[in-house]
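Heads up: the structure comes next, in structure tokens.
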Amino acid sequence: MSSEFAWLTIEQVAPLIAKRKLSPRELLESLYGHIQQHEPRINAFLTMDVERCHAEAVRAESEIVRGRYRGPLH
């Protein structure tokens with residue numbers, strides 16, 4: 001998995017999502033890949049609910065596609 005978006009700020013990512021140049025699922029996959037790569041060394045997470053994150057990303061993407069983008073934290 002590529003972690004190309006892992007170092008972008010929310011200010012950089014939000015417009016990409018709003019313009020549909022990046023989907024919430026793509027962002028999640030990028031961030032999760034980055035976490036998987038570095039977590040064993042950093043040990044920053046107690047638990048990760050990947051299934052829930054994926055479901056939320058799918059839901060957000062569906063809303064955005066229907067024109068219901070709610071802002072950077074959507």
Out of (1) open to solvent by less than 40 Å² (accessible area, probe 1.4 Å); (2) in contact with an Asp or Glu (Cβ under 9 Å, 6 or more places away or on another chain); (3) of a type outside the set (A, V, I, L, M), the one F5 does not meet is (1)
Let me spell it out: the conditions are (1) open to solvent by less than 50 Å² (accessible area, probe 1.4 Å); (2) within 12 Å of the chain's Cα centre (by Cα), and E63 meets all of them except one. Which number is the exception?
(2)
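The values are calculated or read from the model by the stated rules, or taken from the named source; none is laboratory data. Predicted model, so just to flag it, every value in this text is computed and none were measured. Here the Cβ is made from the backbone with ideal geometry for all residues, glycine too, and neighbour counts use every protein chain on show. Accessible surface areas use protein heavy atoms only, side chains included; no ligands, DNA or RNA. Shrake-Rupley method; radii C 1.70, N 1.55, O 1.52, S 1.80 Å.
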